[in-house]
1. Kindly provide the set of residues from the range 150-170 that are out of contact with any strand residue (DSSP E or B) (no Cβ under 8 Å at 6 or more places or on another chain), within 24 Å of Ile35 (Cα to Cα), surrounded by 13 or more Cβ atoms within 10 Å (Cβ to Cβ) and not aliphatic (A, V, I, L, M), ordered by number.
2. In the range 173-184, which residue that is part of a helix (DSSP H, G or I) and out of contact with any helix residue (DSSP H, G or I) (no Cβ under 7 Å at 6 or more places or on another chain) is nearest to Val42 (Cα to Cα)?
3. Pairs, please: C-beta under 9 Å, at least 6 apart or cross-chain, first residue basic (Lys, Arg) and in the range 97-108, second at pLDDT 90 or above and not in a loop (DSSP other than H, G, I, E, B)?
4. Please list, ordered by first then second residue, the pairs with beta carbon atoms under 8 Å, 6 or more apart or interchain, first in the range 160-171 and under 16 Å from Leu185 (Cα atoms) and free of Cβ contacts under 8 Å to residues at least 12 places away in the same chain, second in a helix (DSSP H, G or I) and not aliphatic (A, V, I, L, M).
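The values are calculated or read from the model by the stated rules, or taken from the named source; none is laboratory data. Keep in mind that this is a model prediction, so the values were computed, not measured. FYI the Cβ positions are ideal-geometry reconstructions off the backbone, even for glycines, and counts take in every protein chain you see.
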Amino acid sequence: MPTGKQPEPGEPERSGTADADTVAPRNKTGLALGILAAAAIVLLLVHMAMGGLVALASSLAFHWLGLERAVFWGILAGLLNSIPYFGPMIVMGGVAALGYLQFGTLDKALKAAAISLAITSLEGFLLTPYLLGKSLRMNAMAVFVGLLFWGWLWGIWGVLLAVPMMVVLKSICDHIEGLRGIGELLGE
């Protein structure tokens, strides 16, 4: 809050902004919590955008294949994409069954399932880690390796919690002097 007092000659002028090095320890907690809250919002926005992209790409691909109700299956693919492993599998199985029932050939059914798998795989293994890394100012490779590691260790829960845990870890490392190297490694 400005006091109206002019700085003494030779005293630096204060701008009113703070970084982690100039904040009192009590305020560092608030700063860290604010960073985590902003990261959670970014995480949700990226996942929502990726769901929309999967829905659009799947709808167009299913329409190109000639599947009935392509838009419905595309939207379902986008919605279920938020459920690791099982969501894309449900869509892949449903589209394969629809393809077989509609066209009567295993070839078309497998083609529909493969396209569904390709879209969700490209999104999940390449695009989402890249966008999360850029938007959260984290190394995309660290995000990708973190997703693989925590998914391997804890399965579905590991995939769901990998990025939030890594953001917390990076935030903690950025605010503790001895751990800043790890924070820099996880950062861009």
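1. Trp150, Gly158, Pro164
2. Per the stated criteria, the residue is Glu184.
3. Close Cβ pairs satisfying both conditions: Lys108/Leu65; Lys108/Gly99; Lys108/Tyr100; Lys108/Gln102.
4. Note: no pairs meet the criteria.
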